[in-house]
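The structure under discussion appears below in the form of structure tokens.
Coordinate-derived values only; no laboratory data. A quick note: this is a predicted structure, and the numbers were derived from the prediction, not measured.
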């Protein structure tokens, strides 16, 4: 079995060390549309056989197994709640992360080369001017990462609100 979400390589092949749990697409047409949209695939998905792995669901999307939680059962068969939707997109693989980091550094280097030296030398919180272009690039890179994190949090908030609105109607 292989996850249908674009960018996710989770599978339960012979050589796979981790045994992922997979969940079939729902039969309800409205829910099915949301699951397909979540997968972000350009090719057609065979919804009769396709599955999405557990990684893309929030912990609240699963039914609780009280017997397992109380130690009365050694197995924890996890079931999705009927209203569950995948919410966590696949993380970029290592190559994509390196490419993004390299492209950000190249962009910052270009920006720094094109600005006047007077504008580049700024005092930081301690009152010391950064000494090298590399320190400046690292500082700018941290700001970009912080901004990206903030934007992802805002996007997740909007998605959560949309899901609540859809569930209420």
Gain in length, residue 162 to residue 40, computed as 0.36 nm per residue apart minus the alpha-carbon separation, to one decimal in nm?
42.2 nm
Overall form of region 1-91 per C-alpha gyration tensor (a/c, 1.5; a/b vs b/c)
oblate
